[in-house]
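So the structure is just underneath, and the comments pick up after that.
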Amino acid sequence: MQLRYNVRAYPEPGQAIALARAFGCARVVFNDGLRARREARSADLPYIKDGDLQKQVITAAKQTEERAWLGEVSSVVLVQSLRDLHTAYRNFLSSVTGKRKGPKVAPPRFKSRKDNRQSIRLTANGFSVRGNGTVYIAKVGDIKVKWSRPLPSAPTSVTLIKDAAGRYFMSFVVETEPDFLPEMNTETGIDVGLTHFAVLADGTKISSPKFLRRAEKKLKRLQKDLSRKAKGSKNRIKARIKVARQHSRVGDRRRDFHHKASTQIIRDNQAVYVENLAVSSLGRTRLAKSVHDAGWSAFVNMLEYKATKHGRHFGKIGRFEPTSQVCSTCGIKDGPKPLSAREWICRECGTVHDRDINAAKNILAAGRADRPNASQSAGKTRTKVPAQRVEAGTHPGTHTRAEGIQVHYGLEDVNCCP
């Protein structure tokens, strides 16, 4: 399987300028390729092949006076940027023709130089990990990196990211073998919620940290300061970075919490079952802020890829299972209940139920019943699990799935940085 190891990078001022040049060149090549394909379509010309497009917007463009500066950056960066365009078009066309399942994918759009998050990707011939703790990037130099652990194997690619807060990261794709844990006799079902982040079938309750809610007071003050700054001024740029840094702290704390909770659950249980919730739909209700603050999708994806990595079984039950209506003791469906009802008494057997614990027990029972019909554990099928490609995607701030690539959002968060 493939994992991503994120490390914090600290480029020198000159290297930061070289990276900014690389970000800009990658963006220009992407936009030139997109423009060429749009113009060909509007002129009713055939679809430009990938190889021909590369010759047009990279090889031939370097020979012109207007694009001669493309030669100042590594050609690997330019080729990988164009590959992102090819992937975006394939996803769009597959979605239009119905070959691609899931939500409809929009056509690729132009990248803006004003995007606060920039990234480039290099394959193995464009970088190398030095023995002195630095990473050499072609036409940039040796960049200092803060390592907290060694990479398990030689990386196949690296993505350099500059986030909205001005921080630099390197995301390495590493081939690794699954690390099977000793088998356990315990299984659990997980009911996620807002009152408690997660409730396990054995009665364990994980409190909801509510990182965004706790940071709202400071964010409100920083947003006010930002709104008072004149547009286009240097003070506005400084205020925007302060807001972005505060948001990055919230995201880092949430991600750290998800990793610790999911790792503990996977280590303690041989099989884990969750409910397949429609988080995107819940994110459009009056509970949207609380739902996004909890980050259920990221947590579930971490459970899934860690189960694959450690040889555990992971299963999802249908989202329409009446887990909160069925008595886990006698199995009688007792009807729907309002969210305010945290405890209820079964009319058939008289058992007093905690709403969340009862739901977790029903999720465990439904998962066990469905397991014989499901495929084998992902961790034991020897199926190759690739890492996701989202850092250099078309739409900044979104996660676009690449065709044929199984997406695990947690895979990119195996952090090697504080």
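The values are calculated or read from the model by the stated rules, or taken from the named source; none is laboratory data. None of the values given here were measured: they were computed from a predicted structure. Cβ placement follows ideal geometry from the backbone for every residue including glycine, while neighbour counts extend to all protein chains displayed. Heads up: the accessible areas ignore ligands, DNA and RNA and are worked out on the full protein's heavy atoms, side chains in. Shrake-Rupley method; radii C 1.70, N 1.55, O 1.52, S 1.80 Å.
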_Stretch gain in nm, segment K55-K231, where the contour uses 0.36 nm per residue and the Cα spacing is subtracted_ = 59.4 nm
*Principal axis lengths of segment 1-157 from Cα atoms, whole Å, largest first?*
54, 43, 28
*asked:* Past 19 Å, Cα to Cα: identify those pairs from K217/K260; K210/K289; K337/K361; K62/K139; K220/K289, in the order given.
replied: K217/K260
_Surface share of carbon and sulfur [accessible, 1.4 angstrom probe, percent] for segment 1-133_ = 51
_If I stretch the segment between I332 and M184 completely, what's the gain in nm (0.36 nm per residue apart, minus their alpha carbon distance), one decimal?_
50.2 nm
*Provide, in order from the shortest bin, the percent of all Cα-Cα pairs of segment 285-366 in each 10 Å bin, continuing until the bin that contains the maximum pair distance.*
16, 36, 32, 15, 0
*Highest to lowest packing among 338-344, 274-280, scored as the average C-beta count within 10 Å*: 274-280, 338-344
*Tilt of helix 234-268 relative to the longest C-alpha principal axis of the chain, in degrees (0 to 90, nearest 10)?*
40
*What is the packing order of peptides 17-29, 135-147, taking the mean over residues of other C-beta atoms within 10 Å and listing the highest first?*
17-29, 135-147
*Longest to shortest principal axis, alpha-carbon extents of segment 203-255, angstrom*: 54, 17, 10
*Note down the magnitude of the dipole of the chain about its Cα centre, charges +1 on Lys and Arg C-beta and -1 on Asp and Glu C-beta and zero elsewhere, to the nearest 20 debye.*
2020
_Ordering of 158-167, 297-306 by packing [mean C-beta count within 10 Å, highest first]_ = 297-306, 158-167
*Roll a 1.4 Å probe over the protein heavy atoms and report the accessible area of K62 in Å², nearest 10.*
60
*Using the heavy atoms of the protein chains alone and a 1.4 angstrom probe, what is the accessible area of segment 6-61 per residue in square angstrom?*
51
_How large is the Kirkwood hydrodynamic radius of segment 1-53, counting all unique pairs of alpha carbons, in Å?_
14.3
*Send over the Kirkwood Rh of segment 224-331, from the inverse of the averaged 1/r over different Cα pairs, rounded to one decimal Å.*
17.1
